[in-house]
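The values are calculated or read from the model by the stated rules, or taken from the named source; none is laboratory data. Everything numeric in this text was worked out from a predicted model, so none of it was measured. For neighbour counting, all protein chains shown are included, and Cβ atoms are generated from backbone atoms with ideal geometry for every residue, glycine included. Areas reflect the complete protein model, heavy atoms only, side chains present, ligands, DNA and RNA absent. Shrake-Rupley method; radii C 1.70, N 1.55, O 1.52, S 1.80 Å.
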Amino acid sequence: PGVPILEWGPPSPSGAARVRGCTIVPAMASLTELLLATQVPDKCAAAEAQIRAAEQASVEQYFSALAQELAGADKPKIARQLAGLLLKNGLSSKDPVRDRELKSRWATLTAQGRAQVKEATTSALIAPELDVGKAAAQVLAKIGAVEIPPGEWPGLVPLLLQHVTNTDPRARQIALITLGYLCEDLVLLAEDGTVINEGISNDILTAVVQGMRDGDSTTKLEAARAFYHAVVLAHNNFRNERERDFIMTVVLDTCRCPGAEAVQIAAFECLVQIATEYYDFLMSYINTIGPLTWETIKSAPEKVAIPAMEFWSTVCDEELYLSDLLASGQAGQRQNLNLIRQALPYLIPLLTETLTRQQSEEDDDTWNLAMASGTCLGLVAQVVGNDCVDLVLGFVSSNFENPDWKFREAAVLAYGSIMEGPTSDKMRPLVQQSYPHLVHALQDTSVAVRDTMAWTLGRIAQFHAAIVPVKELMPVLGEKLRDVPRVAFNICWVIQVLAENTPGFEGVQKPETTALSEFFPALAQALLQVVARPDADERQLRMAAYNALSVLCAHTGNDCLKHMATLLQEMLSHLSLSFKNVERECELQGFICGVLTAIVSRMREQVMPVADRVMEEALKVMAAYQQVKGGAQVLQEEALLLATALANAVGSNFERFMPHFAPQLRVGLQNYEDLQVCLMATGVIGDLCRALEGKIITYCDTILQILYTNLQNTAVDRRIKAAIMPCFGDIALAISGEFEKYLAPVVQMLLEASNTRVQDGPAGNEEWIEYLNTLREGVLEAYTGIIHGLRDAGKLQLFKEHVNAVLGFVALISEDSTASEPVMKAAVGVIGDLIFAFQQELTQHLGRAPFLVKLVEYASRSQDPGILKTGSWLRALLQKYSAAP
């Protein structure tokens, strides 16, 4: 009866382990044996099943047994480590929903049961084997993360502090390791709005700073690693100048630690963390930090120099972030210290010289100092703009024709790195003057120089498209597509970027011709030759060529549409042939679907003669993907995008494909565990409504039932739930009066969503605010769609009882300073829709409602043309129906 409970103990006389109610795998009775059996392939599954059964039967007994195993000095080391791992996994999960469940589960255990686990785990902390101690440290950190915020384990941190002052170096090290793990978890909690007791964070910081001053280098290392997390909780300490000076002195001294590279690396990483968290306080220390980092970059081993370089990249990130805040008026009292601008005379020569420290022409993806330098130089250019150009060009011009390939490549890399930041007016004469030399460098004898040169041309096209001499460049690009895969990959990217940055593609209407139009047939043919190269699998060249072709088709003039039908047939042939080689992710089929999607989107109704073939191939990709996934209910996203593009192209004619496509769409909507695909499938509903209009009614019951289920399921990501909201409006617009049968449940869902408040999420959390804005915008769009749909059918009276709820929702938004521009625009729009629908009856009800006055004032002050237009329309309606605020 019930779930069997595992009886940890010696084997039964028959040689079989006993579980109440059944007999389990023979000779696996003790926990130790079970844990060891999980490492044996033919015993693993049975052992893991038995362990899971024990967890389900009694969590308290399960935890207690694992803790005793972890603490057992006579147990095998591997068994103790595995026990610690199972305990940790029983206390936390990377999945947020599961993590909350596990933490709640721990809290429901008896006080005695929890105390036994903590006592046993604490005793394992100072085991002679460091790996066992680390396993115990992770468990204690997870328990601490649950119990420290509510003050349920006040003794943990003092206990660890005692170990930090222990005369035994090993005890000090393991205590610091535990504090590091604990701080890592406490920081995550603090970021989510949990208040961490200031006294506890202060005690931890004191302990780790003390550890960084320890004479033992291993202790110093573990202290520095713990400090990296602890310093995030030290905001009050950094506001105190005396404490801040002491902390900075210790960190900088640790950066200089002689003969201990690992300690120096950890210390410079702490300095990076300080730059991220406490940029506002850096000015007082920059005269020390600057020379220290520069000398380290020049002379220290590369592993130490990289985090020293990272400090300056982080300062760039902070100054870019501050510039954005200042531009949007959200910086408050914060100021940009302009540390990068002040350091330019020292930074630029250092960064450009460091670019020359490449070790090999081979394209190694391993992160190295030269790469870090290029990244930092790119960020510096974004921060200071034109001010860095002349300094960098001095290095470029003196090394562009250097006999040593390292210096030639460094010159080209430096030039490409400063393209983002400086203005096109500054760069235009320089690029025009240098372009012949740049193109000539594509013929360099060094493959590294040719590779970087192609990348640099892409950067010029990306950030200064208007100054690229397309006519001169195109023939060279076509030729260089035949270079080695490494270079050809970047040439594909140049073509893609040139196409992406072609002007005139912002709206629905596409330009009749573009600078690329005359080259389209030759470029398309050259890219098709690239995908057929025998070495196209190297360096992801085939992917790059298909991507470039896709973007080229999407961003070429209407004068190239005459080539699309031929290209469509070619790509359908590619797709048919590709099924001979179907890999785990259907990558090749996905790339080809991407090109087809671009072509179908451009051809629109002209695709009708081959629409059946396109849909057939898209469905074949979906089926192939499900087959290679072992029959799993999954959906291949590029094939979904292709089907959607076809629906948009053929409109109501897509109805004949719906019996085959609807089951696939259902798979995508129900597979909420694949966030990306589920979001896409949810978005497809709107496309289908616009394509099929009233014909979507056949599928509405099924679609809406899945949407309701996803909204009510706590395991479904909130981003999916936000994406569902506008679907209700799309459906209402499409089926008009037929929406009556869905009105009540849909409005109930919208009411529940509109009740979500800023304070329901973590305080000051940007992700939460962004989600809330997306949710609210979706709800308002849904209301707009419903109002229009019912009005078109003459059934607007059905919505009358819900008007006050909409008004209340808009009033709430008008009081919320975190509401985004799109939300405010939608709010102005929905009020206008309601007044247009209900006229004087509503304006008399509203009078001079404060929220209405706010909306009108907001719209009139806005710089956004769309909001100004909507606001003007709303004012005109109010005047017409005589309730002007």
**Prompt:** Within region 509-544, can you find the residues that are without any contact (Cβ under 8 Å) to a residue 12 or more places away in the chain, farther than 21 Å from Val447 by Cα and among the acidic types (Asp, Glu)?
**Reply:** Glu518
**Message:** With the structure loaded, tell me whether Ala327 is of a type in the set (A, V, I, L, M) and open to solvent by less than 60 Å² (accessible area, probe 1.4 Å) or whether it fails that test.
**Reply:** no
**Asked** When region 188-205 is examined, which residues are found to be open to solvent by less than 80 Å² (accessible area, probe 1.4 Å), closer than 26 Å to Thr249 by Cβ and touching a residue at least 12 places away in the same chain (Cβ under 8 Å)?
**Response** Ala190, Ile196, Ile200, Ser201, Asn202, Asp203, Ile204, Leu205
**Message:** Checking Val497 against (1) more than 29 Å from the chain's Cα centre (by Cα); (2) open to solvent by less than 10 Å² (accessible area, probe 1.4 Å); (3) closer than 20 Å to Ser601 by Cα: exactly one of these is not met. Which one?
**Reply:** (1)
**Request:** Take the residues in region 711-722 that are open to solvent by 30 Å² or more (accessible area, probe 1.4 Å) and under 21 Å from the mean Cα position of the chain (by Cα), then tell me which one is modelled with the lowest pLDDT.
**Result:** Ala715
**Lone qualifier among Gln162, Gln116, Gln112, Gln173 - being open to solvent by 60 Å² or more (accessible area, probe 1.4 Å), assigned to a helix (DSSP H, G or I) and within 27 Å of Ala224 (Cα to Cα)** = Gln162
**Request:** Within region 818-847, work out how many residues are within 36 Å of the chain's Cα centre (by Cα), part of a helix (DSSP H, G or I) and aliphatic (A, V, I, L, M).
**Result:** 7
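Conditions (1) out of contact with any Phe, Trp or Tyr (no Cβ under 8 Å at 6 or more places or on another chain); (2) modelled with pLDDT under 95; (3) assigned to a helix (DSSP H, G or I), marked per residue:
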site: Leu750; (1), (2), (3): no, no, yes
site: Thr756; (1), (2), (3): yes, yes, no
site: Glu777; (1), (2), (3): yes, no, yes
site: Gly785; (1), (2), (3): no, no, yes
site: Leu798; (1), (2), (3): yes, no, yes
site: Ala805; (1), (2), (3): yes, no, yes
site: Asp816; (1), (2), (3): yes, yes, no
**Message:** If I filter region 586-595 for residues that are surrounded by 24 or more Cβ atoms within 10 Å (Cβ to Cβ), part of a loop (DSSP other than H, G, I, E, B) and at pLDDT below 95, do I get at least one hit?
**Reply:** yes
**Request:** Give the residues of region 628-657 that are within 10 Å of Ala611 (Cβ to Cβ) and of a type outside the set (A, V, I, L, M), sorted by residue number.
**Result:** Asn653, Phe654, Arg656, Phe657
**Fill in**
Scanning region 398-437 for residues that are surrounded by fewer than 20 Cβ atoms within 10 Å (Cβ to Cβ), touching a residue at least 40 places away in the same chain (Cβ under 8 Å), out of contact with any Ser or Thr (no Cβ under 7 Å at 6 or more places or on another chain) and in a helix (DSSP H, G or I) gives Ser424, Lys426, Leu430
**Asked** Consider Leu635 against the criteria (1) surrounded by 20 or more Cβ atoms within 10 Å (Cβ to Cβ); (2) assigned to a helix (DSSP H, G or I); (3) touching a Phe, Trp or Tyr at 6+ places or on another chain (Cβ under 8 Å): it satisfies all of them except one. Which criterion is unmet?
**Response** (2)
**Prompt:** Which of the residues that make up region 119-137 are among the polar types (S, T, N, Q) and either outside any helix (DSSP H, G or I) or surrounded by 23 or more Cβ atoms within 10 Å (Cβ to Cβ) (or both)?
**Reply:** Thr121
**Message:** It is to be established whether one or more residues within region 237-256 are touching a residue at least 24 places away in the same chain (Cβ under 8 Å), charged (D, E, K, R), surrounded by 15 or more Cβ atoms within 10 Å (Cβ to Cβ) and over 20 Å from Leu271 (Cβ atoms).
**Reply:** no
**Request:** Being open to solvent by 60 Å² or more (accessible area, probe 1.4 Å) and not basic (Lys, Arg) is the filter here, so list the residues in region 31-58 that pass it.
**Result:** Glu33, Leu36, Gln39, Pro41, Asp42, Ala45, Glu48, Gln56
**Asked** Assuming Glu295 fulfils every condition listed in (1) in contact (Cβ under 8 Å) with a residue 24 or more places away in the chain; (2) farther than 22 Å from Leu233 by Cα apart from one, which condition is it?
**Response** (1)
**Message:** Taking the criterion of being open to solvent by less than 30 Å² (accessible area, probe 1.4 Å) and more than 27 Å from Glu693 (Cβ to Cβ), would at least one residue in region 789-807 satisfy it?
**Reply:** yes
**Request:** For Leu182, indicate whether it is touching a residue at least 40 places away in the same chain (Cβ under 8 Å), part of a helix (DSSP H, G or I) and within 21 Å of Val146 (Cβ to Cβ).
**Result:** yes
**Message:** Name the single residue that is most open to solvent (accessible area, probe 1.4 Å) among those in region 357-397 being of a type in the set (Ser, Thr, Tyr) and within 24 Å of the chain's Cα centre (by Cα).
**Reply:** Thr366
**Request:** Could you tell me whether Phe836 is at negative phi and open to solvent by less than 40 Å² (accessible area, probe 1.4 Å)?
**Result:** no
**Item:** Boolean, Arg482 is in a helix (DSSP H, G or I) and either open to solvent by 30 Å² or more (accessible area, probe 1.4 Å) or at positive phi (or both)
**Value:** no
**Asked** In the set Leu282, Leu292, which member is surrounded by 14 or more Cβ atoms within 10 Å (Cβ to Cβ), at pLDDT 95 or above, closer than 25 Å to Asn386 by Cβ and not small (Gly, Ala, Ser)?
**Response** Leu282
**Message:** As an exercise: evaluate Asp214 against (1) modelled with pLDDT of 95 or more; (2) part of a loop (DSSP other than H, G, I, E, B) and give the number of the one condition it does not meet.
**Reply:** (1)
**Complete:** All conditions in (1) crowded, with 18+ Cβ neighbours inside 10 Å; (2) more than 30 Å from Asp816 (Cα to Cα); (3) β-branched (Val, Ile, Thr) are true of Thr682 except (2)
**Prompt:** Mind checking which residues of region 848-885 are open to solvent by 60 Å² or more (accessible area, probe 1.4 Å), outside any helix (DSSP H, G or I) and touching a helix residue (DSSP H, G or I) at 6+ places or on another chain (Cβ under 8 Å)?
**Reply:** Ser882
